[in-house]
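Asks: Below is a structure I'd like to ask you about.
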Amino acid sequence: MHRLAGHTNQPPTDAARLALRAYKRARAEAGTRGQREAPPVSIDALRAMVSACDLRTRIGVRDRLLLVLGLALMGRRSELVALTCEDIREVHDGLEVTIRTSKTDKDSHGETIAIPRGSHPLTDPVAAWADWIAVLTDAEAASGRLLRRIDRHGNLGSRLGADAVNVIIRALAIRAGVPSAETFTAHSLRAGGATVAYAAGVPVSVIAKHGRWAPTSPVVLRYIRAVDRWRDNAMRNVGL
């Protein structure tokens with residue numbers, strides 16, 4: 001607010017930054033971690049979590065789409081719950097998903113993300129989407145919000161809440177027996193998409209654009225470093 005009012009560099013912040021640096025050092029020495037990060041979902045973990053979905057039920061079909069689309073889209077939970085049936089269409093090569101607004105799209109210009117067809121029947125984004133659309137069509141609800149709340153009797157609600165996404169993903173991770181399952185959140189899918197893409201050789205710039213990160217986002221670089229510290233490890237193949 002000072003900067004917007006024309007008071008650039010006022011008040012001075014050097015003393016405050018030095019104090020914060022001392023606090024961070026003290027926390028590190030005490031063994032207290034700084035920012036907590038949700039673990040990324042690997043492809044193996046994704047398949048295990050999808051396998052934990054009961055695809056004979058509406059909830060299972062919905063949850064499968066949530067998992068697969070969340071990772072393939074590198075979607076924020078706010079973006080996932082905001083999707084409508086009209087935002088996704090099938091094309092020859094896969095799915096085109098329209099994100100109408102996002103954290104880095106302040107003016108809501110919107111962006112269309114291409115998601116290729118998958119090679120595994122359980123985690124193919126097109127199959128997961130088609131199966132859920134069939135459920136919505138059968139319930140005469142194939143318009144409006146894509147992801148819906150479902151009660152224990154299988155009745156569809158108007159929309160799925162953002163907080164419910166974390167609950168669903170964590171519950172499926174626990175059910176699938178995934179390591180550190182209790183720490184999984186919706187962000188695990190977003191982080192997982194970036195991590196598996198980089199491990200597969202996708203350039204950082206392409207990952208950032210696909211996931212709607214700023215080109216110089218430090219978040220993307222954290223995911224990359226997590227892959228590189230194992231792939232380009234100084235102790236690999238030294239004969240230990």
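Asks: Among the residues of the range 89-109, which ones are part of a strand (DSSP E or B) and either modelled with pLDDT under 95 or open to solvent by less than 10 Å² (accessible area, probe 1.4 Å) (or both)? Break it down stepwise before answering.
Replies: Residues of the range 89-109 that are part of a strand (DSSP E or B), as a first pass: 89-91, 94-99, 102, 105.
Within the range 89-109, GLY94, LEU95, VAL97, ILE99, SER102, ASP105 qualify.
Asks: Regarding the range 39-47, can at least one residue be identified that is more than 18 Å from the chain's Cα centre (by Cα), surrounded by 11 or more Cβ atoms within 10 Å (Cβ to Cβ) and in a loop (DSSP other than H, G, I, E, B)?
Replies: If we filter the range 39-47 for residues that are more than 18 Å from the chain's Cα centre (by Cα), which is where we start, we get none.
Checked the range 39-47: no residue is more than 18 Å from the chain's Cα centre (by Cα), surrounded by 11 or more Cβ atoms within 10 Å (Cβ to Cβ) and in a loop (DSSP other than H, G, I, E, B).
Asks: Which of the residues belonging to the range 171-218 are within 24 Å of GLU96 (Cβ to Cβ), assigned to a loop (DSSP other than H, G, I, E, B) and touching a residue at least 40 places away in the same chain (Cβ under 8 Å)?
Replies: Within the range 171-218, GLY211, ARG212, TRP213, ALA214 qualify.
Asks: Could you tell me which of the residues ALA164, ALA130, ALA141 is surrounded by fewer than 19 Cβ atoms within 10 Å (Cβ to Cβ) and assigned to a loop (DSSP other than H, G, I, E, B)?
Replies: After applying the criteria, what remains is ALA141.
Asks: Identify, please: which residue in the range 78-88 is of a type outside the set (A, V, I, L, M, F, W, C) and open to solvent by 40 Å² or more (accessible area, probe 1.4 Å) and is, among those, nearest to LYS209 (Cα to Cα)? Walk me through how you get there before you give the answer.
Replies: In the first step, residues of the range 78-88 are kept if they are of a type outside the set (A, V, I, L, M, F, W, C); the result is 78-79, 84, 86-87.
From what is left, the residues that are open to solvent by 40 Å² or more (accessible area, probe 1.4 Å) are 78, 86.
On the way: SER78: 18, GLU86: 22 Å.
Of everything passing the filter in the range 78-88, SER78 is nearest to LYS209 (Cα to Cα).
Asks: Any chance the range 18-31 includes a residue that's open to solvent by less than 70 Å² (accessible area, probe 1.4 Å), touching a helix residue (DSSP H, G or I) at 6+ places or on another chain (Cβ under 8 Å) and modelled with pLDDT of 85 or more?
Replies: No, every residue in the range 18-31 fails to be open to solvent by less than 70 Å² (accessible area, probe 1.4 Å), touching a helix residue (DSSP H, G or I) at 6+ places or on another chain (Cβ under 8 Å) and modelled with pLDDT of 85 or more.
Asks: Which one of ARG56, ARG3 is closer than 30 Å to ASP105 by Cα, of a type in the set (Lys, Arg) and outside any helix (DSSP H, G or I)? Steps first, please.
Replies: Working: ARG56 fails: closer than 30 Å to ASP105 by Cα.
Unique residue meeting the criteria: ARG3.
Asks: For the range 110-121, which residues satisfy the criterion of being of a type outside the set (Val, Ile, Thr) and either crowded, with 17+ Cβ neighbours inside 10 Å or closer than 19 Å to VAL206 by Cβ (or both)?
Replies: Pass one, the range 110-121, residues of a type outside the set (Val, Ile, Thr): 110-111, 114, 116-121.
GLU111, ALA114, PRO116, ARG117, GLY118 - these are the residues of the range 110-121 that are of a type outside the set (Val, Ile, Thr) and either crowded, with 17+ Cβ neighbours inside 10 Å or closer than 19 Å to VAL206 by Cβ (or both).
Asks: Return yes when ARG152 is open to solvent by 40 Å² or more (accessible area, probe 1.4 Å), in contact (Cβ under 8 Å) with a residue 40 or more places away in the chain, farther than 21 Å from PRO40 by Cα and not aromatic (Phe, Trp, Tyr) and no when it is not.
Replies: Numbers: open to solvent by 40 Å² or more (accessible area, probe 1.4 Å): yes; in contact (Cβ under 8 Å) with a residue 40 or more places away in the chain: no; farther than 21 Å from PRO40 by Cα: yes; not aromatic (Phe, Trp, Tyr): yes.
It is false that ARG152 is open to solvent by 40 Å² or more (accessible area, probe 1.4 Å), in contact (Cβ under 8 Å) with a residue 40 or more places away in the chain, farther than 21 Å from PRO40 by Cα and not aromatic (Phe, Trp, Tyr).
Asks: Moving on. Quick check on my filter: what residues within the range 54-73 are open to solvent by 10 Å² or more (accessible area, probe 1.4 Å) and in contact with a Gly (Cβ under 8 Å, 6 or more places away or on another chain)?
Replies: Across the range 54-73, the qualifying residues are ASP54, THR57, ARG58, ILE59, LEU71, ALA72.
Asks: From the list GLY60, GLY118, GLY31, pick out the single residue that is under 18 Å from ARG159 (Cα atoms) and not charged (D, E, K, R).
Replies: Working: GLY118 fails: under 18 Å from ARG159 (Cα atoms); GLY31 fails: under 18 Å from ARG159 (Cα atoms).
Selected residue: GLY60, the only one of GLY60, GLY118, GLY31 that is under 18 Å from ARG159 (Cα atoms) and not charged (D, E, K, R).
Asks: Here's something else I'd like to know. Name the single residue that is modelled with the lowest pLDDT among those in the range 110-127 being more than 30 Å from ARG56 (Cα to Cα) and assigned to a strand (DSSP E or B). Write out each step before concluding.
Replies: Residues of the range 110-127 that are more than 30 Å from ARG56 (Cα to Cα), as a first pass: 110-112.
When the remaining residues are screened for being assigned to a strand (DSSP E or B), the result is 111-112.
Working: GLU111: 91, THR112: 95.
Among those that are more than 30 Å from ARG56 (Cα to Cα) and assigned to a strand (DSSP E or B), it is GLU111.
The values are calculated or read from the model by the stated rules, or taken from the named source; none is laboratory data. From a predicted model like this one, the values you see are computed outputs, not experimental measurements. Positions of Cβ are backbone-derived with ideal geometry, glycine not excepted, and every protein chain shown enters the neighbour counts. Accessible surface areas use protein heavy atoms only, side chains included; no ligands, DNA or RNA. Shrake-Rupley method; radii C 1.70, N 1.55, O 1.52, S 1.80 Å.
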